[in-house]
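The numbers here are math on the coordinates, done by the rules we state, and not lab data. This one's a predicted model, so the numbers in the text were calculated from it and none came from an experiment. Quick reminder, even Gly has a Cβ in these numbers, built from the backbone with ideal geometry, and neighbours come from all protein chains shown.
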Amino acid sequence: MLKRILIAILAVGAATAPAFAHLDPMAHGPVMAGFTHPLFGLDHVLVMVAVGLWAAVAGRRAIWIVPAAFVGAMAFGFAAAIAGVSLPFVEPVILVSVVFVGVMVALALPVPAPAVAAMVAVFALFHGHAHGGELGAAGALEFALGFIVATAALHLVGIALGLGFARILDTGRSRMAIQILGGLTALGGVWLAVGA
């Protein structure tokens, strides 16, 4: 199990390390362009995996409530962007979301699932708005389907990491491993914010 977790971490890191341009929806199709959109942004990958980790740490209902709140609010933010509704400070808030969610995972504070869901939903609006702002020539529904599936997959990676650590490690080590991942996420957000 640990081997699978490490492979998943390396795969996510390898997929996001290079500075890729977003795929052309005309050449690759709008679904694939949408699917790869969050995967080509380290800020999106970090926060979405961390949201999954936070859901796993919060436990039980949070495992589905938190990712559902993120995806739903992200879809709403996307719709707002393509409808021409502007949001201030989209990119700065996205960077803050990486640091904030990472810190919350690192602190492992007992926060009720609805409160976690509400917090991530606020940030998800901005992530969705960013996707909508970069829609380009892609069909909106197909593009949205792509990034929603990719986002859910990244949440599942975080949940799998959180639950996987709980299965293979004792409680103290599992908690420490998750907190370390949260801290690394927050540091990644700071690194991006200072101009990586």
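Beta carbons within 10 angstrom, averaged per residue: use that to sort the peptides 145-156, 41-52, 122-133, highest first.
41-52, 122-133, 145-156
With each pseudo-label sitting 7 Å past Cα toward Cβ, what's the LEU169-GLU134 distance in nm, one decimal?
That separation, rounded to one decimal, is 3.1 nm.
So, counting K/R as plus one and D/E as minus one, what does the shell of residues with Cβ under 10 Å around ALA113 add up to?
Here the count lands on +2.
Relative contact order for the stretch 72-196: what is it in percent, counting Cα pairs under 8 Å that are at least 6 residues apart?
46 percent
Which net charge results when you count Lys and Arg as +1 and Asp and Glu as -1 among the other residues whose beta-carbon is under 14 Å from that of PHE78?
Details: positive: none; negative: GLU134, GLU142.
Neighbourhood net charge equals -2.
Please find the FRET efficiency linking VAL122 to VAL190, where r is the Cβ-Cβ separation and R0 is fixed at 25 Å, and quote it to the nearest 0.05.
With R0 = 25 Å, the Cβ-Cβ based efficiency is 0.80.
If you take the beta carbon distance between ARG61 and ILE82 as r and set R0 to 45 Å, what does 1/(1 + (r/R0)^6) give as a FRET efficiency, to the nearest 0.05? If you can, show how the numbers build up before the last one.
Details: r = 32 Å, r/R0 = 0.70.
Result of the calculation: an efficiency of 0.90.
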